[in-house]
Amino acid sequence: MPNPFKDFFDFLTRLFLNKKHIKIGLYGPTNSGKSTLANRITKDWLGEEMSSVSRIPHETREIIQKEKITVQHNGKKLTFNLVDTPGIATKIDYEDFLKYKLSVKEARERAKEATKGVIESIKWLDSMDCVIVVLDSTINPYSQVNITIIGNLAARKIPVLIAANKIDLKKSDLKKVEAAFPQYKSVGISAEYGHNMDDFYKMLFKVVK
Amino acid sequence: MLTLQFIPNTEIANLDQESKLRKLISLIKSDRILVLEGGLSSYEEMQLIERTMEQINKEFRGIEICTVSSEKRKTEFSTKIKEAILKAFGYKSGLTIIGPASIVKEIRRDPTKIELFAVNKRPRKK
């Protein structure tokens, strides 16, 4: 249950003690492009990738953290630890992985690891100082997973930036994402091709500071 | 055959978090689609997702869930007063629909409507 005393303490911690090493999490449903965005950020600022990506859902099944990433914008610097999290889902069926030509054994193993990944993502939510919610802008944003993630972040008073990903695709609808969550700052990006990343970093500064 | 069970707020309002989750999961695992009066909070939904993930196996593959909530809704001052009075008498607005993923294929929502799609299980021809 959200605790107002803890919220206040976390706020003070963020404000005075830990500002140089804040933790920014990438959260969202599966296959929205969290790891692609993580790689884009680390490639832009460290020259290397941090996560593996795949078209098969639940590719990221463990928390992956990259420390001390320094982003610069308009002469300002922001240093943070970036946390790439497994996608949150309400159901996991190993048979869904068989479509991607995995063996039954591989599919079952992937499903088992994926359930653990979802649990881990949820447990880490409390330790985040800021969260980038990565949504696939070609998909209806009014899904319960999206609403539950954002509702939990709001209850914990964690700053949120919505990255509406895959704007390079024809079906992308940024306005629908913005309309679904009007109380939060949204930015349309293509993490794969690096489109609109300048605006993304600009927004990130606004949300974190 | 689909079994839809309505759960009035009075039935779960006095349960602690753990008992509430246990009761809901037990009903979902008995293949019922639940309609909860009052709805679950975002925190409770996240807890439910976490707990159901712990129990996924060959038979139980998770849940489909959808909440219609009045939380954070922009309302007029008079409406807020009415809601506060109703809340004081135990009334809670909103509702949550939850079903096992083996029965509920998808709950689709856009701002104006909610559609529940059940899995079409036709008997196989011999």
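Which order do the peptides A:117-127, A:167-177, A:137-147 come out in when sorted by mean C-beta neighbours inside 10 angstrom, highest first?
A:137-147, A:117-127, A:167-177
What's the angle, to the nearest 10 degrees (0 to 90), between helix A:34-46's Cα axis and the longest principal axis of chain A?
So the inclination is approximately 50 degrees.
Considering only DSSP beta bridges whose two residues both sit in segment A:4-208, what percent are antiparallel, to the nearest 5?
30
Can you compute the FRET efficiency between A:I56 and B:I85 using 1/(1 + (r/R0)^6), with r the Cβ-Cβ distance and R0 = 56 Å? Round to the nearest 0.05.
The calculated FRET efficiency here is 0.60.
Please say if the protein assembly as shown is rounded, prolate or oblate, where rounded means a/c under 1.5 for a ≥ b ≥ c the square roots of the C-alpha gyration tensor eigenvalues, and otherwise the choice is prolate for a/b larger than b/c and oblate otherwise?
oblate
For the peptides B:22-35, A:68-81, what is the packing order when you average, over each peptide's residues, the other Cβ atoms within 10 Å and list the highest mean first?
B:22-35, A:68-81
What does the structure give for A:196-207 when I average, per residue, the other chain Cβ atoms found within 10 Å of the residue Cβ?
Details: counts 0, 0, 0, 0, 0, 0, 0, 0, 0, 0, 0, 0.
Mean partner-chain Cβ count within 10 Å for A:196-207: 0.
Normalized C-alpha radius of gyration of segment A:33-175, against 2.2 N^0.38 Å? Write down the numbers at each step before the final one.
Numbers: Rg = 16.0 Å, N = 143, 2.2 N^0.38 = 14.5 Å.
Rg over 2.2 N^0.38 Å, computed on Cα atoms: 1.10.
For peptide A:105-118, how many partner chain Cβ atoms fall within 10 Å of a residue's Cβ, on average?
What the average comes to for A:105-118 is 2.
Rounding to the nearest 20 debye, state how big the charge dipole of the protein assembly as shown is about its Cα centre with +1 on each Lys and Arg Cβ and -1 on each Asp and Glu Cβ.
420
I'd like the FRET efficiency for A:K157 and A:K101, computed as 1/(1 + (r/R0)^6) with the beta carbon distance as r and R0 of 45 Å, rounded to 0.05.
About 0.55, to the nearest 0.05.
What nm distance separates the two modelled labels at A:D93 and B:V119, each placed 7 Å from Cα along Cα→Cβ?
Roughly 0.5 nm, to one decimal.
Could you work out the helix-only [θ] at 222 nm for chain A, with each DSSP H run of four or more residues adding -39,500 (n - 2.57) and the total divided by the number of residues, to the nearest 500 deg cm²/dmol?
Values: 7 runs with 79 residues, N = 209.
Mean residue ellipticity, 222 nm, calculated: -11500 deg cm²/dmol.
If a/c stays under 1.5 just call it rounded; otherwise compare a/b with b/c (prolate if a/b is bigger, oblate if not). Do that for segment A:140-204, with a ≥ b ≥ c from the square roots of the Cα gyration tensor eigenvalues.
oblate
Over 20 Å between Cα atoms, which of A:K23/A:K76; A:K43/A:K157; A:K34/A:K166; A:K91/B:K105; A:K43/A:K77 qualify?
Where the Cα-Cα span goes over 20 Å, the pairs concerned are A:K43/A:K157.
If packing is taken as the average count of other Cβ atoms within 10 Å, what order do A:55-62, B:60-67 fall into, highest mean first?
Those peptides, ordered most packed to least, come out B:60-67, A:55-62.
Peptide A:149-158: average number of partner chain Cβ atoms within 10 Å per residue?
Across the residues of A:149-158, the mean count of other-chain Cβ atoms within 10 Å is 3.
Between B:N57 and B:N14, what is the spin-label point distance in nm, taking each point 7 Å from the Cα along the Cα→C-beta axis?
Label-label distance for B:N57 and B:N14, simple model: 3.4 nm.
Taken together, the values in this text are just the output of simple stated rules run on the coordinates, not laboratory data. Because the structure is predicted, anything quoted here is derived from the model rather than measured. Ideal geometry is used to build each Cβ from the backbone, glycine not excepted, and the neighbour counts take in all protein chains shown.
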